[in-house]
Amino acid sequence: MKFQWLKDYQELSEQLTYLKWNLNKSKLELIRWVDGDLSKIKLKKNSRAASLEDKIRIIGDEITLLEDQMKEAYDIFESFDNIDSQILRLKYIDHCTLDEIAEELGYSHSYIRKRHADISKSIKFLENYQDKKQERLERENEIEYYQDELNMIEAGLI
């Protein structure tokens, strides 16, 4: 499949977003068990809550692995000299506008807009990616919210 690399990268990005969200939720849950409203409840040996610290470590390791894979993949994509691949990388990975892409690549805006439209017609998975954009943004905002909450707890502000 043409441009499978972009689909693979987008899937890595979605996995990474989910893992970061899960990590923050797990850290907040652990805080509740250690210092919060659940601290007086006795844990059973094999309960989910008893293994939260291990889960947090494993998720952190998975995040590191995915970030390394994404960096490696990005370095490869950056070396592609095909104009269509460059447009897709700049648009869907670097999140550039078509005007910015035209400027970066040294082409007219109309040429880049036409090339992008032609590419988009031939790639169905881009439609799904665009459709899920709002969902991804909401998840990223939630990650940021929980990270801010964690930071305030760790700083002793809450």
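Worth a mention:
- Check on K71, within 21 Å of Q4 (Cα to Cα) and either loosely packed, with under 14 Cβ neighbours inside 10 Å or touching a Lys or Arg at 6+ places or on another chain (Cβ under 6 Å) (or both): yes
- Every condition in (1) closer than 27 Å to L157 by Cα; (2) modelled with pLDDT under 85 is met by I56 except one, and the failing one is (2).
- Breaking point among (1) assigned to a helix (DSSP H, G or I); (2) farther than 17 Å from L65 by Cα, for K40: (1)
- So Y92, is it crowded, with 17+ Cβ neighbours inside 10 Å, under 19 Å from the mean Cα position of the chain (by Cα) and among the aromatic types (F, W, Y): yes
- Test for L28: is it on the phi < 0 side of the Ramachandran plot, in the same structural domain as L105 (by TED's automatic domain parsing) and in a helix (DSSP H, G or I): no
- If you go through the stretch 85-121 and keep only what is among the charged types (D, E, K, R) and at pLDDT 90 or above, you end up with R89, K91, D94, D99, E100, E103, E104, R113, K114, R115.
- Those helices (runs of 4 or more DSSP H) of the stretch 48-158 in which 2 or more residues are of a type in the set (G, A, S) and without any contact (Cβ under 8 Å) to a residue 40 or more places away in the chain occupy 109-122.
The values are calculated or read from the model by the stated rules, or taken from the named source; none is laboratory data. As the structure is a computational prediction, the values presented were derived from the model and not from experiment. No Cβ is skipped: glycine too gets one built from the backbone with ideal geometry, and neighbour counts run over all protein chains shown.
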